[in-house]
Amino acid sequence: MKLGIIASPEAASFHQAKEIGLEFLEFCINIGSDLDAFIASVPVLKEASGQTGVQVGSVGRWGTDRIAKEGIVEEELQASYALIDAASELGCRNFVCGVNYVEELSYYENVTLAIDYFRKLIEYGTPKGVVISSYNCKWNNFVDNDMAWTIIHGHLPELGIKFDPSHSRYAGR
């Protein structure tokens, strides 16, 4: 088992993690985060990882709208692609995201769009060595329960799950 922590995407985080014996960091570039600043910092982060031996275990993005009534939100798809590129450059093998629920659409339509979104990410990430995972947090994400997992992960067996037991506990599951 490897131990890591969610951390700020800065060189100091690698040194702090090494001091307390952690092996990896997780970076969350969530809604409201400066995506461009994160992308620009990748060379510095890569250097800090190399100096300390602390890896980047996960890059993720929470809280954004990935689908809309009209379909996939292209701007968010491009942001996900940029984060997959960053993960690959950092030697990180995992990109984590969820998919929001659109009330104006049926459950079937939401699931179909989620499958399309994840499929695009999988097709983009696979040749770069990056696995795509959903998360079980409810924050603007409906792919967080048995029914969604059965359908979406059943259709996309290569889609992973970043499972945090605290989210299931807080959701009463």
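The values are calculated or read from the model by the stated rules, or taken from the named source; none is laboratory data. Being a predicted model, the structure only gives us computed values, none of them experimental. Counting neighbours? That spans all protein chains shown, and the Cβs are built from the backbone with ideal geometry, glycine included. For the accessible areas, the whole protein counts, side chains as well, though only heavy atoms, and no ligand, DNA or RNA atoms are used. Shrake-Rupley method; radii C 1.70, N 1.55, O 1.52, S 1.80 Å.
When the accessible area of the stretch 22-106 is split by element with a 1.4 Å probe, what percent falls to carbon and sulfur?
Of the solvent-accessible surface of the stretch 22-106, carbon and sulfur hold 48 percent.
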Projected onto the charge dipole of the stretch 1-140 (unit charges on the beta-carbon of Lys, Arg, Asp and Glu, signs +1, +1, -1, -1), the Cα from PHE95, GLY50, PRO127 with the largest positive-side position is that of GLY50
Would you work out the charge dipole size for the stretch 1-83 about its Cα centre, treating the Cβ of every Lys and Arg as +1 and the Cβ of every Asp and Glu as -1, and quote it to the nearest 20 debye? 300 debye
First measure r as the distance between the Cβ atoms of GLU47 and GLU75, then evaluate 1/(1 + (r/R0)^6) with R0 = 22 Å and state the FRET efficiency to the nearest 0.05. 0.15
How much accessible area per residue does the chain have, in Å², with a 1.4 Å probe? 51 Å²
A chain fully extended from ILE5 to ASP146 at 0.36 nm per residue, minus the present Cα-Cα distance, gains in nm 48.1 nm
What number of lysine-lysine pairs in the chain show an alpha-carbon separation below 16 angstrom, given a sequence spacing of 8 or more or placement on distinct chains? 5
Out of GLY160, GLY60, GLY125, any idea which swings most in a Gaussian network model of the chain, alpha carbons joined below 10 Å? GLY160
Taking every DSSP beta bridge that has both residues in the stretch 36-173, what percent is antiparallel when rounded to the nearest 5? 20 percent
With no solvent and one equal point scatterer placed on each C-alpha of the stretch 1-123, evaluate the Debye formula and give log10 I(q)/I(0) for q = 0.09, 0.15, 0.18 Å⁻¹, two decimals. -0.28, -0.69, -0.89
Go ahead and set up a Gaussian network model of the chain, Cα springs under 10 Å, then flag whichever of ALA79, ALA40, ALA148 fluctuates most. ALA40
Might you report the magnitude of the Cβ-based charge dipole of the chain about its Cα centre, with Lys and Arg at +1 and Asp and Glu at -1, to the nearest 20 debye? 600 debye
